[in-house]
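Beneath this line is the structure, given in structure tokens, with notes to follow.
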Amino acid sequence: MTKKYLFESIVKIRDFECDMQGVVNNAYYHNLLMQTRTEFLESIGIIRNEWSVERGIDFVVYETAIQYRSPIVAGETFRSCLNMHREGARYIYIQDFRRESGELCMRARVDVAVGLNGKLTRGEIFADYMKEHGVEFQEQPASRRTNSKIPNHIDDVIYDYEMKVRDYECDRYGSATNAFVQRYLEVTRLEFMEEMGETFRKWHENGVDMMVSKVDLKFIRPMMAAEKFHSLMNIRQDGPRVIFEQEIRRKNDMQLCVRASVEIVGIVDGELDTQGACFFHFINNQVPEWHSKNKM
């Protein structure tokens with residue numbers, strides 16, 4: 001019988017990993033995804049810290065695309081599943097979170113590059129190690145991402161929120177973790193809503209939940225501890241979805257660090273708003289009126 005996944009582990013969600021509604025916070029999924037990749041590497045004898053210190057080899061997340069299908073709640077146990085293939089210099093992890101029933105809760109594509117002594121490589125060291133240890137993975141021609149919805153640039157920035165990277169938000173290299181980067185983007189959206197006199201809690205109390213359905217992230221430069229940065233944003237509607245186009249740029253030189261596209265759908269009284277009607281007034285009236293008064 002052919003295995004469907006290269007690696008699987010069982011994960012249980014704890015209360016402190018959830019938001020006020022008792023479901024896993026969107027940003028925290030990055031930690032769960034990394035946990036599974038780390039367990040996979042350990043299962044074939046790769047201890048990331050040892051490889052970094054002794055061999056100078058590090059694994060660098062370059063791009064992620066996460067689709068949220070069904071919320072995972074506190075106390076729930078799920079299967080964290082992983083497959084992998086290679087596209088040129090990138091190693092592509094396809095990661096699924098599934099309930100024991102088989103229901104798909106989340107699917108992510110994570111593009112990883114291999115660094116040697118601080119420089120990106122073709123990743124042959126990793127490929128050779130995998131083959132020596134009998135790990136089977138497919139090699140596919142390198143191709144540009146055609147399904148990514150990350151804009152090349154934001155045409156019209158309507159909101160700019162300044163923040164600073166804190167030490168506790170960083171990994172051992174001193175750069176902000178992927179989970180905290182997504183939190184920065186979420187903070188920007190929350191602050192934008194509050195400046196307009198709106199909150200996600202207020203919408204919830206009126207029967208509308210603004211649910212993140214998809215996040216595309218491209219990590220271009222690391223965000224280091226103590227660095228200040230601008231989190232820039234635009235917003236538009238595409239059918240039933242509201243799209244937040246977001247960028248993060250260092251304050252001192254405005255170099256681009258992160259580019260993102262975040263898709264939001266409306267759940268009205270527990271049902272998906274397939275027309276996006278719950279957003280019409282907000283996008284077509286409230287946002288333009290606010291922008292006209294607060295042009296940057």
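The values are calculated or read from the model by the stated rules, or taken from the named source; none is laboratory data. Here the structure is a predicted model, which means the values were calculated and not measured. Note: ideal-geometry Cβ built from the backbone for every residue, glycine included; neighbour counts use all protein chains shown.
Quick notes on this structure:
- Any hit, the range 256-264, residues being surrounded by fewer than 17 Cβ atoms within 10 Å (Cβ to Cβ), within 24 Å of Leu120 (Cβ to Cβ) and modelled with pLDDT of 95 or more: yes
- The residue list Val112, Val135 contains one member that is aliphatic (A, V, I, L, M) and not in a loop (DSSP other than H, G, I, E, B), which is Val112.
- Restricted to the range 47-75, and to residues there that are out of contact with any strand residue (DSSP E or B) (no Cβ under 9 Å at 6 or more places or on another chain) and not in a loop (DSSP other than H, G, I, E, B), the residue that is farthest from Val262 (Cα to Cα) is Glu54.
- Filter pass, Tyr184 being at pLDDT 95 or above and not in a strand (DSSP E or B): yes
- Residues in the range 115-127 that are charged (D, E, K, R) and in a loop (DSSP other than H, G, I, E, B): Arg122 only.
- Criterion applied to Val268, Val242 was being of a type in the set (A, V, I, L, M, F, W, C), within 17 Å of Arg69 (Cα to Cα) and under 22 Å from the mean Cα position of the chain (by Cα), and the one residue passing it is Val242.
Listed here are the residues, each with its yes/no results for (1) among the polar types (S, T, N, Q); (2) touching a helix residue (DSSP H, G or I) at 6+ places or on another chain (Cβ under 8 Å).
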residue: Glu8; (1), (2): no, no
residue: Asp19; (1), (2): no, no
residue: Val23; (1), (2): no, no
residue: Tyr28; (1), (2): no, yes
residue: Met34; (1), (2): no, yes
residue: Asn49; (1), (2): yes, no
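- One residue stands out in the range 272-296 among those that are of a type in the set (A, V, I, L, M) and outside any loop (DSSP other than H, G, I, E, B): the one that is farthest from Met196 (Cα to Cα), namely Leu272.
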